[in-house]
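Asks: One structure, pasted below without further comment.
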Amino acid sequence: MGKVVVTGPTGAIGRALINEAIEDGQEVLAIVHRASVRADELSETAGCRVLRADLDEYDHALELMKEQQVDGKGFDMFFHLAWRAPFGDDRDNLNIQLNNVQASLAAVRLAQKMGCHTFIGAGSQAEYGRTEGVLSPDTPTHPETGYGISKLCAGQMTRLLCEQIGLRHIWTRILSVYGPHDRKETLISTAVIDMLKDKETFFSPCDQVWDYIYSKDAARAVYIAGKRGKDKAVYIIGSGEGRKLAEYIRVIARLTGYTKEIGFGKRPYNDKQVMYLKADLSDLKSDTGFESEVRFEEGAKRLVEYYKKQGYGRGK
């Protein structure tokens, strides 16, 4: 049995990653920010311990572990998913994004203190900016947002720090993820919730071609990248399938029994709208054996059932 650390553990990828690690026989330490309202759910998960620590507390997290009676030694892999302001206006708040880079370096130092041999970071497609081609590790990076710039910087600087202190380094660039525990404001979750309620919907024209990956698949890809990936590698995390957003939305409308006209074109594209996102999984497949298993029709069906259990439905 091994031991792994997961920061940012309460979101769609983090929760699925914890399950993936536990199913593989790992003990998990989940580091959650102090204000988390979902930490108690993790505390009730067999095989998972919780440490409450904010991003700016990682440099003295070992002291917090003593205070909270959490074992901080003998770990193997450190999965760093935590990030402030990945959405909304603060994506371009440069002070916040710079603090995220500093916290990522602190996470590497913490990984070393805890005995980890591998640090795995969660990057983003935002590191590329707008591009027309399939995204591979070698695709030129031209980020246009503070978030994308800081993710790119965090990947490069944590790689250098890992090299300096003797840790393996894996960087993942994650495309569009959907699934249970995701933010309700994301496109797919919003579509599911509003269509379950049979509310009027407001979308862009939805001609973008995007690559969506179900959270369980994304977490498995990140996990086996840490276990089997090559040192200093960058891996693109996606399904490898690109479809127009309109097609995804129509699938959700069918699964929810939506009765109204779908609101395509009722809102404009965002500034600097990314129109094409598709992952080249060649390196990930060859190095780890990863294959995406959950097609969107099945993943969307699971997500609809998840939100139904949360109480969303007609008139609610």
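The values are calculated or read from the model by the stated rules, or taken from the named source; none is laboratory data. Here the structure is a predicted model, which means the values were calculated and not measured. Here the Cβ positions follow ideal geometry from the backbone for every residue, glycine too, while neighbour counts run over all protein chains shown. Just so you know, the surface numbers come from the protein's heavy atoms only, side chains and all, with ligands and any DNA or RNA stripped out. Shrake-Rupley method; radii C 1.70, N 1.55, O 1.52, S 1.80 Å.
Asks: For region 218-227, give me the residue count where each residue is more than 13 Å from His117 (Cα to Cα) and surrounded by fewer than 24 Cβ atoms within 10 Å (Cβ to Cβ).
Replies: The first filter runs over region 218-227 and keeps only residues more than 13 Å from His117 (Cα to Cα), leaving 218-225.
If we keep only those that are surrounded by fewer than 24 Cβ atoms within 10 Å (Cβ to Cβ) as well, we get 224.
Going through region 218-227 one residue at a time, the tally reaches 1.
Asks: Related question: Quick one: would you say Ala30 is closer than 22 Å to Lys227 by Cα and in a strand (DSSP E or B)?
Replies: In short, yes.
Asks: Out of Met114, Met157, I need the residue that is open to solvent by less than 10 Å² (accessible area, probe 1.4 Å), of a type outside the set (Ser, Thr, Tyr) and at pLDDT 95 or above. Which one?
Replies: Going through Met114, Met157 in turn, just one is open to solvent by less than 10 Å² (accessible area, probe 1.4 Å), of a type outside the set (Ser, Thr, Tyr) and at pLDDT 95 or above: Met114.
Asks: Suppose we filter Ala12, Ala30, Ala16 for residues that are crowded, with 16+ Cβ neighbours inside 10 Å, at pLDDT 95 or above, aliphatic (A, V, I, L, M) and closer than 15 Å to Ile120 by Cα; which single one remains?
Replies: On inspection, the qualifying residue turns out to be Ala30.
Asks: Pick from region 232-286 the residues that are without any contact (Cβ under 8 Å) to a residue 24 or more places away in the chain and closer than 30 Å to Cys162 by Cβ: which of them is farthest from the chain's Cα centre (by Cα)?
Replies: Restricting to residues being without any contact (Cβ under 8 Å) to a residue 24 or more places away in the chain and closer than 30 Å to Cys162 by Cβ, the top hit is Ser286.
Asks: Given the options Asp211, Asp198, name the one that is in contact (Cβ under 8 Å) with a residue 12 or more places away in the chain, in contact with a Ser or Thr (Cβ under 7 Å, 6 or more places away or on another chain) and on the phi > 0 side of the Ramachandran plot. Full working, then the answer.
Replies: On the way: Asp211 fails: on the phi > 0 side of the Ramachandran plot.
Checking each option against the conditions leaves just Asp198.
Asks: Additional query: Could you run through region 255-286 and say how many residues are open to solvent by less than 60 Å² (accessible area, probe 1.4 Å), in contact with a Ser or Thr (Cβ under 8 Å, 6 or more places away or on another chain) and on the phi > 0 side of the Ramachandran plot?
Replies: Of the residues in region 255-286, 1 are open to solvent by less than 60 Å² (accessible area, probe 1.4 Å), in contact with a Ser or Thr (Cβ under 8 Å, 6 or more places away or on another chain) and on the phi > 0 side of the Ramachandran plot.
Asks: Could you tell me whether region 296-315 includes any residue that is in contact with an Asp or Glu (Cβ under 8 Å, 6 or more places away or on another chain), open to solvent by 50 Å² or more (accessible area, probe 1.4 Å), of a type in the set (D, E, K, R) and farther than 27 Å from Lys199 by Cβ?
Replies: No, there is no match, as no residue in region 296-315 is in contact with an Asp or Glu (Cβ under 8 Å, 6 or more places away or on another chain), open to solvent by 50 Å² or more (accessible area, probe 1.4 Å), of a type in the set (D, E, K, R) and farther than 27 Å from Lys199 by Cβ.
Asks: Any idea which of Tyr312, Tyr306, Tyr248 is modelled with pLDDT of 95 or more and either within 30 Å of Asp92 (Cα to Cα) or part of a loop (DSSP other than H, G, I, E, B) (or both)?
Replies: Tyr248 is the lone residue from the list that is modelled with pLDDT of 95 or more and either within 30 Å of Asp92 (Cα to Cα) or part of a loop (DSSP other than H, G, I, E, B) (or both).
Asks: Looking at (1) closer than 30 Å to Phe78 by Cβ; (2) in a loop (DSSP other than H, G, I, E, B); (3) at pLDDT 95 or above; (4) β-branched (Val, Ile, Thr), which is the only condition Val274 fails?
Replies: Going through the list (1) closer than 30 Å to Phe78 by Cβ; (2) in a loop (DSSP other than H, G, I, E, B); (3) at pLDDT 95 or above; (4) β-branched (Val, Ile, Thr), Val274 breaks only (3).
Asks: When the residues of region 33-61 are filtered to those that are touching a Leu at 6+ places or on another chain (Cβ under 8 Å), in a helix (DSSP H, G or I) and in contact (Cβ under 8 Å) with a residue 24 or more places away in the chain, which remaining residue is most open to solvent (accessible area, probe 1.4 Å)?
Replies: Looking only at region 33-61, we keep the residues that are touching a Leu at 6+ places or on another chain (Cβ under 8 Å), and these are 33, 48-53, 57-59, 61.
From what's left, in a helix (DSSP H, G or I): 57-59, 61.
Those left that are additionally in contact (Cβ under 8 Å) with a residue 24 or more places away in the chain: 58-59, 61.
Details: Tyr58: 6, Asp59: 78, Ala61: 1 Å².
Checked region 33-61; the qualifying residue most open to solvent (accessible area, probe 1.4 Å) is Asp59.
Asks: Quick one: Gly289 ticks every box in (1) buried (at least 16 other Cβ atoms within 10 Å of the Cβ); (2) in contact (Cβ under 8 Å) with a residue 60 or more places away in the chain except a single one, so which number is it?
Replies: Unmet condition: (1).
Asks: If Val234 passes every condition in (1) assigned to a loop (DSSP other than H, G, I, E, B); (2) open to solvent by less than 70 Å² (accessible area, probe 1.4 Å); (3) under 30 Å from Gln156 (Cα atoms) but one, which one does it miss?
Replies: Just one mismatch for Val234, condition (1).
Asks: Right, here's the next one. Go through region 100-151 and count every residue that is assigned to a helix (DSSP H, G or I) and under 21 Å from the mean Cα position of the chain (by Cα).
Replies: Result for region 100-151: 20.
Asks: For Gly74, indicate whether it is out of contact with any helix residue (DSSP H, G or I) (no Cβ under 7 Å at 6 or more places or on another chain), closer than 30 Å to Gly146 by Cβ and at pLDDT 95 or above.
Replies: Judged against the criteria, Gly74 is not a match.
Asks: Of the conditions (1) more than 20 Å from Ala21 (Cα to Cα); (2) open to solvent by 30 Å² or more (accessible area, probe 1.4 Å); (3) basic (Lys, Arg), Arg243 satisfies every one except a single condition; which number is it?
Replies: Result: Arg243 fails condition (2) only.
Asks: Restricting the first residue to region 78-94 and requiring it to be touching a residue at least 60 places away in the same chain (Cβ under 8 Å), which pairs with a second residue that is surrounded by fewer than 15 Cβ atoms within 10 Å (Cβ to Cβ) and not in a helix (DSSP H, G or I) meet a Cβ separation below 8 Å and a spacing of at least six or different chains?
Replies: Phe87/Arg183; Phe87/Glu185
Asks: Further question: Is it the case, given these coordinates, that Lys151 is open to solvent by 40 Å² or more (accessible area, probe 1.4 Å) and among the basic types (Lys, Arg)?
Replies: No, not satisfied.
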